[in-house]
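Written below as structure tokens is the structure these notes are about.
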Amino acid sequence: MDRNDALLINVGDQTYALPLLQIQEIRGWSPVSPLPNTDPACLGVLNLRGHVLPVFDARPILGKPTAAPTPQDVIVVAVMNDKPLGLLVDSVSDIIEIEADKISRADQGEAWSSGLVDGIATVGERLVPLLALQKLTRNRMPDEAPAQTPAMIEAA
């Protein structure tokens, strides 16, 4: 039976899961250097062993109230398209294995389907959204251009 390893993170009052294969490390909060003209969720960049790491605040991306980062917050360092990025979360709670039959996938046309969620996992008695890292950061990376909307194309 297929299993999915996931990292459980907490943002606001909700628990979410990230695919463990994309997680490089978990580190405490470190101050970042802000960047001009970036997505509001991009807190800035920090030096991670000689590499520039963009750090995003998961709170506004997931529709939670924003707050100034504290020493209790955690940066989850993930790799997406061979590039590292940081995701600021309130805490990390566990690493779990989820049986494939315990996941309802968003691509199955579910009514709850969200642009940020790949599926919903049943973990014990809880339902935990499986976040799609590539969707969380889409068009938010400092070197990515935002996708053009039809209105933007007409205006050009």
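Side notes on the structure shown:
- Hits in region 17-34 (condition: within 16 Å of ARG49 (Cα to Cα), among the polar types (S, T, N, Q) and touching a residue at least 40 places away in the same chain (Cβ under 8 Å)): GLN24, SER30
- Among all residues of region 6-16, there is none that is polar (S, T, N, Q), outside any loop (DSSP other than H, G, I, E, B), without any contact (Cβ under 8 Å) to a residue 12 or more places away in the chain and surrounded by 11 or more Cβ atoms within 10 Å (Cβ to Cβ).
- Within region 117-132, residues that are modelled with pLDDT of 90 or more sit with their Cβ atoms under 7 Å from residues that are in a loop (DSSP other than H, G, I, E, B) and surrounded by 14 or more Cβ atoms within 10 Å (Cβ to Cβ), at 6+ positions apart or across chains, in these pairs: LEU131/LEU116.
- The residues on offer are LEU62, LEU20, LEU53, and the sole one that is open to solvent by less than 40 Å² (accessible area, probe 1.4 Å) and within 21 Å of ARG126 (Cβ to Cβ) is LEU62.
- Identity of the residue in region 41-66, outside any strand (DSSP E or B) and out of contact with any Ser or Thr (no Cβ under 9 Å at 6 or more places or on another chain), that ends up farthest from LEU88 (Cα to Cα): GLY50
The values are calculated or read from the model by the stated rules, or taken from the named source; none is laboratory data. Treat the numbers as computed from the prediction; the structure is a model and nothing was measured. All Cβ positions, glycine included, derive from the backbone under ideal geometry; neighbour counts span all protein chains shown. What goes into the accessible areas is simple: the full protein's heavy atoms, side chains included, and nothing from ligands, DNA or RNA. Shrake-Rupley method; radii C 1.70, N 1.55, O 1.52, S 1.80 Å.
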